[in-house]
Amino acid sequence: MMSIITLVLLMNLLIKTSESFSVVVPGDQIVAHVGSTVTLPCWISPPENAEALEIRWYRHDQFSNPVLFYQHGNIQDLQEESFRNRSSLTLRSDLSGGLKDGDVSLRLENLTVQDEGSFHCYVSGGSAYGNQEMALKVTAVGSTPVLFPQPLDDGRMNISCRSSGWYPEPNITWMSDERKVLRPGGTSGSRGADEMFSVHSWTAVSRSDAQLVSCSMALKTGEFREGRLNIQAIISSDSSDPWKALFFILLLCALLGLVGLILYKYRHKLTGKNQADEIVGDPNIEELRKHAVQITIDHERSHPDLMISKDCKVLRDRAGYIPTGEGFPYELCASGAQTFTSGRHYWEVELVVPHLPPKEHWMIGVMKHGNFSSRDRSAFTPSNGFWFLCSDGPKGFHTNTDPPVKLSLTPRPERLGVLLDYDDGQLSFYNVKERKHLLTMSSRFTGSVAPLFNPGVGDQSPIKIIDCPEPVESPEESSQPLLGNSSDA
């Protein structure tokens, strides 16, 4: 009789032991970027099959309005609306056995600032249950700061620095070319409907302060963006010397008179044109070509609907291609086969083919190596590793800075020169035929950077990469068939 009682007690003890478990989560908070996908690890210990258990992820005190609710072997429809179609159960590692191994980790997609906070992992079954809380920290690295100069009456220059898309609000540091910290004149910030910050800061500098000024915005995680401006050519000389001031005033008047005489003499040729574009200083194209590199297109890192020549120098859109959305087809990109991590590199792109209308749609610049996989046009920003000048037909020219800069380029470039100065963080564009400097973008490049090309949709003319300093090919040579299926090349 005693042996039977002992056996029953042991069986009850085993049953109670098998029903007892604890919920385990990492001790540190999870940090992830806005727009990314994150895994919140959670598992039961000792490991056991959780397929028949109830799993509930919820926030704060919203137990009855969960982020995800799993019961009777299925995810239930009861759910906080903001997480619908964004939450699921997932594996916490490649070695995990999933629910059968007690892994009840949560996967969240398309993170927003509002997702930041604490999450509860609750598991119950029979008479046993467990509940643990963990913290999710959401961050967003904003756009590369854009710097704008404005002269002051005392001879100094007020430099304004703007950037947007940050969370939380970043710390701002102004520095000179000697890495000397400059004192900001002021800083302001605002939050948009998406809860992310736009920041504006400014400082006043003189020639004695610096020749190169940088504005850096950084998060506590160490992630940062930096914009730089060379003020050497735009800050006037020391006006404290009256003789120097008089000399430069007279010199300025003489130059203005000379420019006025030239404009008056050639006024008929300038009719209907943007005169500011006509008097831009001429770049030394021959000097730029000393940094020329051979550029070809990488088939494997190009959109499948691009047609690429066998020599990997010419590309255009495939006939009948339909863009994934309205407006310019940002996704129709090709990557250069060459990558750069330092130094200066120059290449030229032909945008006109004889006997065909000038090309009106294109996107040319550089990108961080390996970024081509993204097809979301909102991802084509400097903060995500894209820097380019875009021609969108009648809509004109614009950069992908934040905010974008719209340009009036007259005449339309027929051959575009691109100079990547990796070390100084500058990307410059030139109208080679007109010998004009069009634009310089300042940023901070990290890792490998590759040329970026996009031929747009609908133009008869393709994009053609030119080997510098070779001249433009003759019409007879250019009129020969150049394009083939990129998959055949």
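Sorted largest first by accessible area at a 1.4 angstrom probe radius, with every protein chain in place, the residues 203, 324 fall in the order 324, 203. Summary of packing: across the peptides 413-420, 110-117, the per-residue average of other C-beta atoms within 10 Å ranks them, highest first, as 413-420, 110-117. Annotation for residue 424 and residue 153: the two label points, set 7 Å from Cα along the Cα-Cβ direction, are 3.4 nm apart.
Sorting 430, 346 on solvent-accessible area from highest to lowest, probe radius 1.4 Å, gives 430, 346.
Remark: spin-label model distance residue 218-residue 392 equals 3.5 nm, labels positioned 7 Å along the Cα→Cβ axis. In terms of the mean number of neighbouring beta-carbon atoms within 10 Å, the peptides 175-186, 431-442 order highest first as 431-442, 175-186.
Applying the Karplus relation 6.51 cos²θ - 1.76 cosθ + 1.60 with θ = phi - 60° to the stretch 438-451 yields 3J(HN,Hα) values of 9, 6, 10, 9, 9, 7, 10, 8, 9, x, 7, 10, 10, x Hz, where x marks Gly and Pro.
How much length, in nm to one decimal, is gained on full extension between residue 132 and residue 22, taken as 0.36 nm per residue of separation minus their Cα-Cα distance?
Full extension of this stretch gives 38.7 nm more.
Other residues with beta-carbon under 10 Å from the beta-carbon of residue 358 carry, at +1 per Lys or Arg and -1 per Asp or Glu, a net charge of -1.
Straightening the chain between residue 180 and residue 29 buys 50.9 nm, computed as 0.36 nm per residue apart minus the Cα-Cα spacing. Given R0 = 30 Å, the distance between the Cβ atoms of residue 200 and residue 39 translates into a calculated FRET efficiency of 0.25. Using R0 = 60 Å, the C-beta based FRET efficiency linking residue 124 and residue 379 works out to 0.90.
The values are calculated or read from the model by the stated rules, or taken from the named source; none is laboratory data. As the structure is a computational prediction, the values presented were derived from the model and not from experiment. For neighbour counting, all protein chains shown are included, and Cβ atoms are generated from backbone atoms with ideal geometry for every residue, glycine included. Note: areas computed on protein heavy atoms with side chains; ligands, DNA, RNA excluded. Shrake-Rupley method; radii C 1.70, N 1.55, O 1.52, S 1.80 Å.
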